[in-house]
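No lab work stands behind these numbers, since they all come straight from the coordinates. All of these numbers come straight from a predicted model, not from anything done at the bench. Cβ coordinates were reconstructed from backbone atoms using ideal geometry, including for glycine residues, and neighbour counts include every protein chain displayed.
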Amino acid sequence: MAGESFTSPTSGLTPTLSSPAYLALSSYWSRSLTTLTKVERKYLLSDDGMVSFIIKGFHVFKSDLPDSFHKGIFDTFEALPQNPGDKINEAVPELARIWDGPQMRGALTSILGLGYRISPHMHCHKNVPNTRNQPWHQDERGDRDHQHRERTHTRSVLAMYYPQQVTHNMGPTAIIPASHRRVASPDSMVTYGTVRSQFLSVVPAGSVVINHYDVWHAATSNTSQKVRYMMKWMFERTQDSDSPTWAHDPSQMDEMRQRLEGEHPAPLSRNEYSRDHELRVEMWNNMAGKTAAMPKIYSAHLGGPWPQPGGATTASRMRRQ
Ligand SMILES: O=C(O)CCC(=O)C(=O)O
Ligand SMILES: [Fe+2]
């Protein structure tokens, strides 16, 4: 597989970042939803998928490509003399079938809107036997510190691709669900160990986890004898959407609102609930655009029955239990 030139099955272009072909690829992404290929449209997220992404901060899918493809990627990386850094796409052009494949396009169009672009920063994270846990962290973000992240929109994501099966002891990536809206200092987060309800990327070969950029995550120790690769790409939104760029069904709005407002964000402490629900609706509104925005009705919920003995202390908390 190494050395063989690869052409994207959907675009017919060989994507390298600075080439005219790459620029053409960017405009290919700018088409309207209705002109996505049938296959790409098949992989658009549903309302439920989007709400889950908004609540948890990540979306997982397994590539449709055969195991032999992922095995080929693994072997190719094993044969590389050193880490290509930001040049993984040039070093292993076959990766385009993942980062530019129809499944990724469908998911990324849903999450980042039309015309999203790939960032020049990408990386292969090789977790070899006998590593230590990484501390919880958010990835670097230019001049924005950890108090100024994206709590009400999704403007960039980290897509993590695992070419081999990842078992518990092979150093899966740990992710704290709903932590993309958590304002915290790295100093306080490094003091946490295992977090209740943490997600571990214990996944079959060919799986991809698309994370909201601001999710708190960490590599875990690899106590196995096997190498674990994870290729990471960053994608960015280039424009706000007027209407949902996923497989939206307007008849689902009430149900989606129920989920956004009512679903239990397990790893958050209780006094973060109501603000989290509000931020989720704001995130939906920013991602969906004005045609599918939900009105804000929170203050209405603060009225209602008096608290009952043995229950929560306020009506709003009671409603959310
Ligand atoms: O290797 C992993 O699982 C995660 C690595 C990571 O998050 C990082 O180095 O920023
Ligand atoms: Fe990271």
For the residues HIS212, HIS168, what sequence is obtained by ranking on other C-beta atoms within 10 Å, fewest first? HIS168, HIS212
FRET efficiency for VAL227 and VAL190 from the Cβ-Cβ distance with R0 = 22 Å, rounded to 0.05, comes out at 0.25
Quick check on segment 151-192: take the gyration tensor over C-alpha atoms, sort the square-rooted eigenvalues as a ≥ b ≥ c, and tell me if it's rounded (a/c under 1.5), prolate or oblate. oblate
May I ask for the distance between the Cα centers of segment 237-262 and segment 176-190, given as a whole number of Å? 26
Going by a ≥ b ≥ c, the root eigenvalues of the Cα gyration tensor, does segment 172-236 fall in the rounded group (a/c under 1.5), the prolate group (a/b larger than b/c) or the oblate group? oblate
Hey, with R₀ at 41 Å, roughly what FRET efficiency would ASP64 and TRP306 work out to, going by the Cβ-Cβ distance, to 0.05? 0.15
Length gained when the stretch ASP139-LYS296 is fully extended (0.36 nm per residue, less Cα-Cα span): 53.4 nm
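In which sequence would PHE53, PHE74 go, from the one with the fewest C-beta neighbours within 10 Å to the one with the most? Can you show the working numbers first?
Numbers: PHE53 25, PHE74 17.
Lowest count first: PHE74, PHE53.
For each of LYS126, LYS56, count neighbouring Cβ atoms within 10 Å of the residue's Cβ, then give the residues from fewest to most. If you can, show how the numbers build up before the last one.
Values: LYS126 17, LYS56 24.
Listed from fewest to most nearby Cβ atoms, that is LYS126, LYS56.
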